[in-house]
Amino acid sequence: MDFAAGLPIFIVTLREALEASLVVGIVLACLARAQQMQLKGWVYRGISAGVVASVLVGCLLAGVLQGVERLPGPYTPILKALLAALLGAIAVGMLSWMLLWMTKQARSLRGEIQGQINQAVEKEGGGKAIAIVVFIAVVREGFEMVLFLAAQQNMANPAAIRASVAGIGTAVVMAFLIFRLGVKLNLKLFFQVMGTLLLIIVGGLVIGVLKNLDLAVSMMGLANLGLGYLCFVPGDSCLLGPLLWNLAPWLPDNQFPGIVLKTLAGYRDHLYLFQAIAYVIFLSVIGSLYFRGLADNSNPPQAVAQKS
């Protein structure tokens, strides 16, 4: 179970941390080319500030989740379910947007960073601008990692923490091999594979968001809040429609291999109609945009211009 819980977290943290590490590597390479390595201290300040900001956000979210967990009162389970649905929805939106944004920016990202660093080097006090570039790269990826952990309610899970450290450590080692030892890695193929896995993992978050939302609405209907009308579907689901399958006797999602499918692809041994529809719509829409972006990046600029 530790392996299953940690695998998607390792994938997400590896991908996000490698993106940040590559930005740092590009910045250091630009400084070396410009013979301005005396400014590298600003790079490390930017890294430190980004890491600290990400950790603070993680501590804040962990504190909120623990506070809700310990909150006395009959409505605490409702609040927990609503918070889980909200964090999951934010994680789905942010991870999806960043996946599509990075796909579009992959071709021009190195040139943009080089232009920013060259401008910073030419200006007096440009070290602060360099630190800001690095800080934004680190904190952007750090926020995504923290939100993903919070959405899966794994902020204090030892397996999740180990998987996060392993993913970040692997990313740093890969960046070191690329920039310091000159190892040739097919980063394009790596990010294509990791992006596809991330797409499927986020699709699983969509199913979890709907489950938590349905749980919250179900409890509201039973809590004498006058909200029983929200459960418009008869049976054990308020919002998710009829049950499509019950595979718990054959492939439970809390045991191997079902738990691996659950953490990686959103599998549920109980799946409802609207969950399946939302999952298919998400993969169809976001997946088509993602693979279209990959196809555009694989074409040479001349071919793209001719098509337009």
Can you pull the percent of Cα pairs in the stretch 2-296 with separation above 28 Å? 45
Going by average Cβ neighbours within 10 Å, how do the peptides 275-281, 204-210 rank, with the highest at the top? 204-210, 275-281
Please work out how much length the chain gains when fully extended from A49 to L187, using 0.36 nm per residue of separation minus the C-alpha to C-alpha distance, in nm with one decimal. 47.0 nm
Whole-number percent relative contact order across the chain, with pairs defined as alpha carbons under 8 Å at least 6 apart: 29
Across the chain, how many lysine pairs, 8 or more apart or on two chains, come within less than 30 Å at their alpha-carbon atoms? 16
Amide H neighbours of Y272 under 5 Å, counting only residues 5+ apart in sequence or on other chains, H built in-plane at 1.01 Å? L244
Would you mind ranking E141, E112 by Cβ crowding within 10 Å, fewest neighbours first? E112, E141
If you check each cysteine of the chain for another cysteine whose beta-carbon is under 4.7 Å away, which ones come up empty? C30, C59
Which far-off residues, 5 or more places away or on another chain, put their amide H under 5 Å from the one on L251, with H placed in the peptide plane? none
At a Förster radius of 41 Å, what calculated FRET efficiency corresponds to the Cβ-Cβ distance of S108 and L222, to the nearest 0.05? 0.15
Tell me, what is the percent relative contact order of the stretch 54-182, built from C-alpha pairs under 8 Å that lie six or more residues apart? 37
Phi angles of the stretch 167-176, converted by Karplus (6.51 cos²θ - 1.76 cosθ + 1.60, θ = phi - 60°) into ³J(HN,Hα) in whole Hz with x for Gly and Pro, give x, 5, x, 4, 5, 5, 4, 4, 5, 4
Computed FRET efficiency, Cβ-Cβ of I200 and A32, R0 30 Å: what is it to the nearest 0.05? 0.20
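Computed from the coordinates by the stated procedures, all read-outs in this text should not be read as laboratory data. Just so we're clear, the structure is a prediction, and the values are computed from it rather than from any experiment. FYI the Cβ positions are ideal-geometry reconstructions off the backbone, even for glycines, and counts take in every protein chain you see.
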